[in-house]
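Enquirer: Would you mind keeping the following structure in view while I ask a few things?
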Amino acid sequence: MRVAVYCASSKSCDRAYHAAARELGERLAEAGHEIVYGGGAVGSMGALADGALAKGGRVIGVLPEFMHELEWGHPGLDELEIVEDMRTRKHRMLSVSDAAVALPGGTGTLEELLEALTLKRLGIYTRPIVLVNTLGFYQQLVQLLEHCIGQRFMGDPHRDMWVLVNDPSEVLAAIDAAPPWDEAARSFAGM
């Protein structure tokens, strides 16, 4: 299985986020899964890749050209794909993945996650989406999504678009247990 992981490059955040990213990388590698991620070398991005590589995992980075020019790419990856821009990066990561996992992060991570959820709502991306709720990070986002459902901008079935876990050790089981989703979601996308 190839897992897209959304994560951040911040070096200033709580180190617990980096530790969770490294653990996720280790666990995915130990289970024999490939990782596709944003290609960065620092913050949670670097920790994720370092954890997977330390356990012999295969890690593929997808890095926009301008970030490559700034030398933000991780030098030890199995593959570093340079793409034109951020939009191409998001599309590439999602289109080659069998599941998407969102670690805590800033606007880039949230944009990637919300696009994946939007595409899932439309029946375009039908695979599992897991949010890793390290230090309760995603609690408020889930509350906002519940508010969207409560205000009828989304329907009750849309709760099945994501799975929330508290620890990287729960990610693989969450992927396996994610509710099925298919193109039929288009029939209730406008709920």
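Enquirer: When the residues of segment 86-105 are narrowed to those that are in contact with a Cys (Cβ under 9 Å, 6 or more places away or on another chain) and either small (Gly, Ala, Ser) or part of a helix (DSSP H, G or I) (or both), which ends up surrounded by the fewest Cβ atoms within 10 Å (Cβ to Cβ)? Give the derivation first.
Expert: Looking only at segment 86-105, we keep the residues that are in contact with a Cys (Cβ under 9 Å, 6 or more places away or on another chain), and these are 101-105.
Imposing the further condition that a residue be either small (Gly, Ala, Ser) or part of a helix (DSSP H, G or I) (or both) reduces the set to 102, 105.
On the way: 102: 26, 105: 24.
Filtering segment 86-105 for residues that are in contact with a Cys (Cβ under 9 Å, 6 or more places away or on another chain) and either small (Gly, Ala, Ser) or part of a helix (DSSP H, G or I) (or both), the one surrounded by the fewest Cβ atoms within 10 Å (Cβ to Cβ) comes out as 105.
Enquirer: Within the set of pairs 6+ apart or on separate chains, which have a first residue in segment 26-55 that is free of Cβ contacts under 8 Å to residues at least 12 places away in the same chain, a second that is of a type in the set (Asp, Glu) and in a loop (DSSP other than H, G, I, E, B), and C-beta atoms under 8 Å apart?
Expert: Going by the 8 Å Cβ cut-off, there are no qualifying pairs.
Enquirer: Going through segment 112-140 one residue at a time, which ones are crowded, with 17+ Cβ neighbours inside 10 Å, within 15 Å of residue 183 (Cβ to Cβ) and of a type outside the set (Ser, Thr, Tyr)?
Expert: 119, 120, 121, 127 - these are the residues of segment 112-140 that are crowded, with 17+ Cβ neighbours inside 10 Å, within 15 Å of residue 183 (Cβ to Cβ) and of a type outside the set (Ser, Thr, Tyr).
Enquirer: Same structure again: Return only the number of the condition from (1) part of a loop (DSSP other than H, G, I, E, B); (2) out of contact with any Cys (no Cβ under 8 Å at 6 or more places or on another chain); (3) within 19 Å of residue 171 (Cα to Cα) that residue 110 does not satisfy.
Expert: Among (1) part of a loop (DSSP other than H, G, I, E, B); (2) out of contact with any Cys (no Cβ under 8 Å at 6 or more places or on another chain); (3) within 19 Å of residue 171 (Cα to Cα), residue 110 violates only (1).
Enquirer: Inside segment 47-85, can you point out the residues that are surrounded by fewer than 22 Cβ atoms within 10 Å (Cβ to Cβ), assigned to a helix (DSSP H, G or I) and either under 15 Å from the mean Cα position of the chain (by Cα) or among the small types (Gly, Ala, Ser) (or both)?
Expert: 54
Enquirer: Residue 72 fails exactly one of the following numbered conditions: (1) in contact (Cβ under 8 Å) with a residue 60 or more places away in the chain; (2) out of contact with any Gly (no Cβ under 6 Å at 6 or more places or on another chain); (3) within 25 Å of residue 29 (Cβ to Cβ). What is the number of that condition?
Expert: For residue 72, the failing item is (2).
Every residue, every condition in (1) within 29 Å of residue 16 (Cβ to Cβ); (2) of a type outside the set (Gly, Ala, Ser); (3) touching a strand residue (DSSP E or B) at 6+ places or on another chain (Cβ under 7 Å), yes or no:
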| position | (1), (2), (3) |
| --- | --- |
| 120 | yes, yes, yes |
| 129 | yes, yes, yes |
| 141 | yes, yes, no |
| 151 | no, yes, no |
| 156 | no, yes, no |
| 161 | yes, yes, yes |
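Enquirer: Another one. Give the residues of segment 30-42 that are crowded, with 20+ Cβ neighbours inside 10 Å and closer than 16 Å to residue 132 by Cβ, sorted by residue number.
Expert: Within segment 30-42, 35, 37, 38 meet the criteria.
Enquirer: Being in contact with a strand residue (DSSP E or B) (Cβ under 9 Å, 6 or more places away or on another chain) and assigned to a loop (DSSP other than H, G, I, E, B): is that true of residue 8 here? Explain how you work it out, then say what you get.
Expert: On the way: in contact with a strand residue (DSSP E or B) (Cβ under 9 Å, 6 or more places away or on another chain): yes; assigned to a loop (DSSP other than H, G, I, E, B): yes.
For residue 8, the condition - in contact with a strand residue (DSSP E or B) (Cβ under 9 Å, 6 or more places away or on another chain) and assigned to a loop (DSSP other than H, G, I, E, B) - is met.
Enquirer: Here is a list: 71, 26, 65. Which entry is at pLDDT below 95 and not aromatic (Phe, Trp, Tyr)?
Expert: Numbers: 26 fails: at pLDDT below 95; 65 fails: at pLDDT below 95.
Of the residues listed, the single one that is at pLDDT below 95 and not aromatic (Phe, Trp, Tyr) is 71.
Enquirer: Another question, then. Can you name the residue in segment 157-183 that is loosely packed, with under 12 Cβ neighbours inside 10 Å and modelled with pLDDT under 95 and, of all such residues, is farthest from the chain's Cα centre (by Cα)? Explain how you work it out, then say what you get.
Expert: Going through segment 157-183, the residues loosely packed, with under 12 Cβ neighbours inside 10 Å turn out to be 176-177, 179-180, 182-183.
Okay, now just the ones that are also modelled with pLDDT under 95, so 179-180, 182-183.
On the way: 179: 17, 180: 18, 182: 19, 183: 21 Å.
Out of the qualifying residues, it is 183.
The values are calculated or read from the model by the stated rules, or taken from the named source; none is laboratory data. This is a predicted model, so every value here is computed, not measured. Virtual Cβ from ideal backbone geometry, glycine too; neighbours counted across all protein chains shown.
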